[in-house]
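Below: the structure, in structure tokens.
The values are calculated or read from the model by the stated rules, or taken from the named source; none is laboratory data. For clarity, every value in this text was computed on a predicted model and none was experimentally measured. No Cβ is skipped: glycine too gets one built from the backbone with ideal geometry, and neighbour counts run over all protein chains shown.
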Amino acid sequence: MSIDQRIVNAFTPTGTLRPSINLGNPILANRHATTGEPFGVSVDLARAFARHLGVELELVVFDAAGKSVQAVSEERADFGFFAIDPLRGETIAFTAPYVLIEGFYLVRDDSPVRTNADVDHAHHRVAVGKGSAYDLFLTRELKAAQIVRAPTSPAVVRTFIDENLEVAAGVKQRLEADAREFPGLRLLDERFMVIRQAMGLPKSRGTAAADVLARFVEEMKASGFVADALARHGIAGASVAPAGDATA
């Protein structure tokens with residue numbers, strides 16, 4: 001389908017499409033150990049969208065969600081891949097989600113914390129990645145526990161260990177990998193939230209551009225592209241969001 005040139009221009013004010021890629025979420029993107037090149041589901045979607053618009057692509061890579069969001073909000077990038085959140089929605093127009101991701105808590109084996117309900121107590125400190133969806137969600141939800149912000153999501157467990165904190169929160173897959181690396185840790189048995197991962201662009205780019213991005217996401221879900229990308233990159237624990245899942 002041909003895209004109106006005005007829409008293409010709205011997405012490419014510099015002449016090149018600049019997606020913001022967050023390497024802090026291993027479900028979405030990683031860096032190749034040998035080449036250093038970013039790869040993953042979000043990179044695949046970014047390349048597909050560039051082909052959809054018929055434009056050149058320039059990846060803008062960050063190590064944390066907060067930095068990635070800020071780049072799009074400040075229009076240093078043209079779109080990105082984010083967990084839907086009301087605070088972020090003040091400057092970013094979200095599509096419906098394309099992937100659902102689980103958030104879990106991690107504790108030490110000998111911790112008295114056994115359930116999610118045990119976490120929110122005054123003497124507990126919870127490590128989260130600064131500016132991550134978990135940070136935003138838990139800042140609203142936790143009433144007694146103290147939040148300790150690691151500089152990035154990959155640094156959460158190291159912060160948890162180094163500062164002898166009581167709980168760590170984050171993407172299930174990353175916490176599981178860290179638990180294998182650092183013995184004596186365990187995940188709680190149930191998720192505390194489901195992250196609805198969407199694409200988004202600056203609201204200043206207009207509703208017409210936002211509509212094009214929203215339709216693109218629905219096409220990628222319906223065609224099997226997202227499911228294939230999850231399988232190709234060996235991603236477990238994430239699922240394709242239902243068609244037309246609302247952003248509210």
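When the residues of segment 95-110 are filtered to those that are of a type outside the set (Phe, Trp, Tyr) and closer than 15 Å to residue 213 by Cβ, which remaining residue is surrounded by the most Cβ atoms within 10 Å (Cβ to Cβ)? Before you say what the answer is, go through the steps one by one.
Initially, segment 95-110 is screened for residues of a type outside the set (Phe, Trp, Tyr), giving 95-97, 99-103, 106-110.
Narrowing the set further to residues that are closer than 15 Å to residue 213 by Cβ leaves 95-97.
On the way: 95: 26, 96: 20, 97: 24.
Step by step, filter segment 95-110, then rank; the result is 95.
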When the residues of segment 2-37 are narrowed to those that are among the polar types (S, T, N, Q) and touching a Lys or Arg at 6+ places or on another chain (Cβ under 9 Å), which ends up surrounded by the fewest Cβ atoms within 10 Å (Cβ to Cβ)? 12
Inside segment 111-142, can you point out the residues that are buried (at least 22 other Cβ atoms within 10 Å of the Cβ) and assigned to a strand (DSSP E or B)? 126, 127, 128, 129
Residue check for residue 75: at positive phi, outside any helix (DSSP H, G or I) and of a type in the set (Asp, Glu): yes
Return a yes/no flag: does segment 39-48 have any residue that is within 26 Å of residue 169 (Cα to Cα) and in a loop (DSSP other than H, G, I, E, B). yes
Need the failing condition index for residue 183 against (1) over 15 Å from the mean Cα position of the chain (by Cα); (2) closer than 30 Å to residue 118 by Cα; (3) assigned by TED's automatic domain parsing to the domain that holds residue 65, just the number. (3)
Report yes if residue 20 is hydroxyl-bearing (Ser, Thr, Tyr), over 19 Å from residue 155 (Cα atoms) and in a strand (DSSP E or B), otherwise no. yes
Counting just the residues of segment 69-94 that are small (Gly, Ala, Ser) and over 13 Å from the mean Cα position of the chain (by Cα), which one comes out farthest from residue 215 (Cα to Cα)? 71
Considering residues of segment 178-221 that are among the basic types (Lys, Arg) and at pLDDT 95 or above only, the residue surrounded by the fewest Cβ atoms within 10 Å (Cβ to Cβ): 215
